[in-house]
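Notes to accompany the following structure.
The values are calculated or read from the model by the stated rules, or taken from the named source; none is laboratory data. Just so we're clear, the structure is a prediction, and the values are computed from it rather than from any experiment. Because the Cβ atoms are built from the backbone with ideal geometry, glycine has one as well, and the counts that use them run over all protein chains shown. For accessibility, only protein heavy atoms count, side chains too; no ligands or nucleic acids. Shrake-Rupley method; radii C 1.70, N 1.55, O 1.52, S 1.80 Å.
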Amino acid sequence: MRVTVFGAGAIGGYLAAKLAISGSVDLSIVARGAHLEAIKADGLRLIEDGKETVARVKAAARAEELGVQDYVVLALKAHSLAPALDEIAPLLGEGTAVVTMQNGVPWWYFYKAGGALEGTRLNAVDPGGAIWQRIGPERVIGSVVYPAVEVDAPGLIRHVEGTRFSLGEPSGEKSERVTGLAREMVKAGLQAPVREDIRSEIWVKLWGNLSFNPISALTGSTLAAIVADEATRAVARAMMLEAQAIGEMLGVRFLIPVDRRIKGAGDVGEHKTSMLQDLERGRPMEIFALVTAVQELGRLTGQPTPTIDTVLALVRRLAIERGCY
Ligand SMILES: NC(=O)C1=CN([C@@H]2O[C@H](COP(=O)(O)OP(=O)(O)OC[C@H]3O[C@@H](n4cnc5c(N)ncnc54)[C@H](OP(=O)(O)O)[C@@H]3O)[C@@H](O)[C@H]2O)C=CC1
Ligand SMILES: CC(C)(CO)C(=O)C(=O)O
């Protein structure tokens, strides 16, 4: 099985290191800059449970060096996908499956979703429908990524916690391609449950990201602090209820109550969300996939989003001012 991880940063680097150490797939990565140079020189280094392991991986700057794959895992940030389409293309052949590992609303959301919006392209995550057209939603295996991972230095991945990558076909089918990939991930020591309704799980993760991430960026607060403060908790809750109404219009089942989801976020503790970390590092924030796309879904379903609109206006402005938009 030929697998390329495109964008082997924190999440992609973790997945690639685990698969490479397990050794049962023909694994390669596409990376760039100092990170790529370090991996080529010293291997992909993974710190997990306090122990460092070095994974020897085939690493390339250009996909042409690797050729057509059985699976391509897109582990870029959501806003990096469209600019990378030309670079991804050489990896795709007739039967190549593409696993999307971005947080937020995926660009393929309305592929095989059924209902009146079937086939709708989401401008917030796929401007002009270019990703839909160039990659093709029929290749997609969706995922929800739970591990927390960081890149500590070029070539050095630090796993913080969690091993679960839920997988699912947009159609809900338990196809050979999704179960085959799940088997390899499990062999590598990861949890890879195959879901029949991956969209509902995407929404439960998104529920926290669409609210806590921008609020943390705006306030500089950790998850625990946002939840402990009655006023910021109320803002997050209002955003989540607006999102829930949208999701339910789209047939999503929210299997946990909103207050339990809020408590779960608070229990993560003194953790800075990825959006706050990106802001502090001067990197682009995933506003489009986590917030703007939900606003767009609100417009498409006719659901009002007053709190989401307000927080989005503020965080967008902040991102522009700081060069992180
Ligand atoms: N990190 C985490 O703990 C979690 C992350 N996620 C989600 O996973 C996704 C990936 O996040 P994360 O791993 O943190 O992001 P990272 O920024 O760590 O990794 C993305 C990698 O892709 C590289 N990249 C971007 N464009 C290209 C390109 N054209 N060619 C080659 N490499 C490229 C980046 O390089 P460069 O640095 O040079 O831009 C970077 O190394 C996001 O959607 C995030 O929200 C979900 C759960 C947890
Ligand atoms: C920590 C958490 C769960 C915040 O909602 C997250 O996924 C992120 O920081 O992007």
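Which percentage, to the nearest 5, of the DSSP beta bridges contained in the chain is antiparallel?
Working: 14 of 38 bridges.
Looking only at bridges with both residues in the chain, the antiparallel portion is about 35 percent.
Considering only DSSP states other than H, G, I, E and B, which GluC sites (Glu not before Pro) in the range 174-269 qualify as loop sites with at most 14 other Cβ atoms within 10 Å?
Here the sparse-neighbourhood loop sites are 196.
Are there trypsin sites (Lys or Arg not before Pro) in the range 47-91 that DSSP marks as loop and that have at most 16 other Cβ atoms within 10 Å, and which are they?
Filter output for the range 47-91: 56, 62.
Gain in length, residue 321 to residue 176, computed as 0.36 nm per residue apart minus the alpha-carbon separation, to one decimal in nm?
On the way: separation 145, 0.36 × 145 = 52.20 nm, distance 4.72 nm.
Once the chain is fully extended between residue 321 and residue 176, it gains 47.5 nm.
Sequence gap at least 6, Cα distance under 8 Å: using those rules, report the relative contact order of the range 1-59 to the nearest whole percent.
35 percent
Between residue 258 and residue 94, take the C-beta separation as r, use R0 = 45 Å, and let me know the FRET efficiency to the nearest 0.05. Display every interim value, and only then the final one.
Details: r = 44 Å, r/R0 = 0.97.
Calculated value: 0.55.
Would you tally the net charge around residue 248, using a Cβ to Cβ cut-off of less than 14 Å, leaving residue 248 out, and scoring K and R as +1, D and E as -1?
The answer is 0.
Counting just the Cα atoms, what span does the range 80-139 cover along each of its three principal axes? Round to the nearest Å and put the largest first.
34, 24, 20
Please give the solvent-accessible surface of residue 299 in Å², to the nearest 10, using a probe radius of 1.4 Å with every protein chain present.
Roughly 140 Å² of residue 299 is accessible to a 1.4 Å probe.
With an 8 Å Cα cut-off and a minimum separation of 6 or more residues, compute the relative contact order for the chain in percent.
About 16 percent, as a whole number.
At what distance in angstrom do the alpha carbon centres of the range 273-325 and the range 23-101 lie from each other?
When both Cα centres are located, 28 Å separates them.
Please report, in debye to the nearest 20, how large the charge dipole of the range 1-147 is about its Cα centre when each Lys and Arg carries +1 at its beta carbon and each Asp and Glu carries -1 there.
Using only the charged Cβ atoms, the result is roughly 120 debye.
With bins 10 Å wide starting at 0, give me the P(r) of the range 247-325 over every alpha carbon pair, in whole percents.
16, 37, 38, 10
How large is Rg/Rh for the range 194-299, to two decimals, with Cα atoms and a Kirkwood Rh?
Numbers: Rg = 13.5 Å, Rh = 14.0 Å.
Reported Rg/Rh, Kirkwood definition of Rh: 0.96.
Looking only at 311, 145, 268, which one moves most when the chain is put into a Gaussian network model with springs between Cα atoms under 10 Å?
Highest fluctuation of the listed residues: 268.
Counting each DSSP H run of 4 or more residues in the chain as -39500 (n - 2.57), what helix-only mean residue ellipticity at 222 nm follows after dividing by all residues, to the nearest 500 deg cm²/dmol? Can you show the working numbers first?
Numbers: 12 runs with 136 residues, N = 325.
Roughly -13000 deg cm²/dmol at 222 nm, from the helical runs in the chain.
Taking N as the number of residues in the range 1-129, what is its alpha-carbon radius of gyration divided by 2.2 N^0.38 Å?
Expressed relative to 2.2 N^0.38 Å, the Cα Rg reads 1.13.
Using the Cα atoms of the chain, I'd like the radius of gyration and the largest Cα-Cα distance, Dmax, both in angstrom.
18.9, 54
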